[in-house]
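Okay, so here's the structure we're looking at.
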Amino acid sequence: MDVHFENGKPVFFPYTPSKDAGWAFVGLFGLASVAHVVYMFPMRAWYFIPLIVGGICETFGYYGRVWASEDVHKVKPFILQILLILAAPAWLCATVYMTLGRIIRILDAGKYSMIRITWLSKIYVLIDIIVLFTQIGGAGIQASGDPQAMAAGNKAILGGLIFQLFAFCFFILITWRVHMRLNREPTEISRSLNWKKYMHAIYATSVAIFVRSLVRAIEYTAGSDSAVA
């Protein structure tokens, strides 16, 4: 994200973030997070904890944009929104990865996975951690307001986003391959369960996360003055 100066002070946004849009997303992610908390306990779906953490990150991240709409020179709202909005997808992805692992395990379809089921979630959670710390580090560097530091931080964030995109493409390929193999050679347990709707939910979620990461990558490539930003 490019830095601009006005009266000797860094301008962290080349535009004024929309307060109304910010509050709308605060409400959307806040309510969704609360709803998942309510359902998680009776269903004992502990693997949804990362998704809830991601929802909380989004909620407070968009509050940062509401705060930034009052003064684009303030560093605190800039750091709040960039750190949390960048970090949120890593938490959301963790739940998606664990969900696929549970589906494969329940359907006894481990032989159809390109990665051994015991390693699938571990590998992708590790990737999430790498991406998360790369982006947090890049965002932290940008807080200095120094043009060179902000450029370096921008590259770190962009690198994390691109790595996340490639890793996620491979994850979608793994999901699709398991799906196709189950269609051709169903396991005994898969014949009696309506598993396809859960695979479709993974596809829909994956596409949404992929598009979000792609847009963010384009934004950081084109700069803060671009139409995407």
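Out of segment 110-120, which residues are in contact (Cβ under 8 Å) with a residue 12 or more places away in the chain, surrounded by fewer than 19 Cβ atoms within 10 Å (Cβ to Cβ) and either in contact with a strand residue (DSSP E or B) (Cβ under 8 Å, 6 or more places away or on another chain) or in a helix (DSSP H, G or I) (or both)?
Hit for segment 110-120 is Ile117, nothing else.
Can you give me the number of residues within segment 180-205 that are in a helix (DSSP H, G or I), in contact (Cβ under 8 Å) with a residue 60 or more places away in the chain and either surrounded by fewer than 10 Cβ atoms within 10 Å (Cβ to Cβ) or polar (S, T, N, Q) (or both)?
Total meeting the criteria: 2.
Could you check segment 92-112 and list, in sequence order, the residues that are among the hydroxyl-bearing types (Ser, Thr, Tyr) and under 27 Å from Ala32 (Cβ atoms)?
Thr95, Tyr97, Thr99
Of the numbered conditions (1) over 30 Å from Pro14 (Cβ atoms); (2) modelled with pLDDT of 90 or more, Ala208 fails exactly one; give the number of that condition.
Every condition holds for Ala208 apart from (1).
The values are calculated or read from the model by the stated rules, or taken from the named source; none is laboratory data. Only a predicted model underlies this, so the values are computations on that prediction, with no experimental measurement involved. Note that each Cβ is placed from the backbone with ideal geometry, even for glycine, and that neighbours are counted across all protein chains shown.
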